[in-house]
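The values are calculated or read from the model by the stated rules, or taken from the named source; none is laboratory data. Source: prediction; values computed, not measured. Here Cβ is always computed from backbone atoms with ideal geometry, including for glycine, and neighbour counts include all displayed protein chains. All accessible areas refer to the heavy atoms of the entire protein, side chains included, with ligands and DNA or RNA removed. Shrake-Rupley method; radii C 1.70, N 1.55, O 1.52, S 1.80 Å.
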Amino acid sequence: VQLQASGGGLVQAGGSRRLSCAASGNIASTVAMGWYRQAPGNQRELVARLTRSGTPSYADSVKGRFTISRDNAKNTVYLQMNVLKPEDTAVYYCNVVDYYTNNYWGQGTEVTVSS
C-alpha cells in the first residue's frame, strides 16, 4: 500500500483545513484508515480513524472539530479540520492497517496554526 498525503499548510487559529490521503496498491486488504499527528517533542498520536465499515473514532482533543471521511471511488481518505487551534500544529500522517495488522504510513503533511 502506498499513501500520498496532501493539504497541509499555514492557517490562522479558528480557520479550517482539509487533508487528503490517496491510497494505492493492495488496498483491498485495508481494515482501517486514519490520521495521526506528531508535534515537535511529542509522540505520534492518533487523531481520527475510519474502519472499513465506516465507523469513525476521534481523539478527545479533536472531537466536534475534525471529521474523517472516505471516498471509495477515489481510494482517498480526508480529514476536515475546523476551528483549528495552535495546539493542532503538527505533522499529520496518513495511516492504513491491513488484515495482517501491517501498518502503512504516508510521508506526512505539516499543519501550522498561527495564533
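Residues to consider are TYR58, TYR78; find the one that is more than 22 Å from ASN102 (Cβ to Cβ), in contact (Cβ under 8 Å) with a residue 40 or more places away in the chain and crowded, with 16+ Cβ neighbours inside 10 Å. I'd like the intermediate steps shown before the answer.
Working: TYR58 fails: in contact (Cβ under 8 Å) with a residue 40 or more places away in the chain.
Going through TYR58, TYR78 in turn, the sole match is TYR78.
Among (1) in contact with a Ser or Thr (Cβ under 8 Å, 6 or more places away or on another chain); (2) at positive phi, where does GLY108 come up short?
Every condition holds for GLY108 apart from (1).
Would you check if there is a residue in the range 62-69 being part of a strand (DSSP E or B), under 21 Å from ASN102 (Cα atoms), free of Cβ contacts under 8 Å to residues at least 40 places away in the same chain and open to solvent by 50 Å² or more (accessible area, probe 1.4 Å)?
No, the range 62-69 contains no residue that is part of a strand (DSSP E or B), under 21 Å from ASN102 (Cα atoms), free of Cβ contacts under 8 Å to residues at least 40 places away in the same chain and open to solvent by 50 Å² or more (accessible area, probe 1.4 Å).
Could you check how many residues of the range 26-48 are outside any strand (DSSP E or B) and open to solvent by less than 50 Å² (accessible area, probe 1.4 Å)? Quick ask: steps written out before the conclusion?
Step one: of the range 26-48, the residues outside any strand (DSSP E or B) are 26-29, 39-44.
Those still in the list that are open to solvent by less than 50 Å² (accessible area, probe 1.4 Å) too: 27, 29, 39.
Residues that pass the stated criteria total 3.
Name every residue in the range 94-114 that is open to solvent by 20 Å² or more (accessible area, probe 1.4 Å), part of a loop (DSSP other than H, G, I, E, B) and touching a strand residue (DSSP E or B) at 6+ places or on another chain (Cβ under 8 Å), in order of residue number.
Within the range 94-114, the first condition is being open to solvent by 20 Å² or more (accessible area, probe 1.4 Å), and the residues that meet it are 97, 99-105, 107, 110, 112, 114.
Retained after the next criterion (residues that are part of a loop (DSSP other than H, G, I, E, B)): 99-102, 107.
Those that are open to solvent by 20 Å² or more (accessible area, probe 1.4 Å), part of a loop (DSSP other than H, G, I, E, B) and touching a strand residue (DSSP E or B) at 6+ places or on another chain (Cβ under 8 Å): TYR99, GLN107.
All but one of (1) open to solvent by 50 Å² or more (accessible area, probe 1.4 Å); (2) closer than 16 Å to GLU110 by Cβ hold for VAL83; state the number of the condition that does not hold.
Status for VAL83: all satisfied but (2).
Does the range 81-93 include one or more residues that are in a loop (DSSP other than H, G, I, E, B) and modelled with pLDDT under 95?
Within the range 81-93, the first condition is being in a loop (DSSP other than H, G, I, E, B), and the residues that meet it are 82-85, 89.
Next, from what is left, pick out any that are modelled with pLDDT under 95: none.
No, that holds for no residue.
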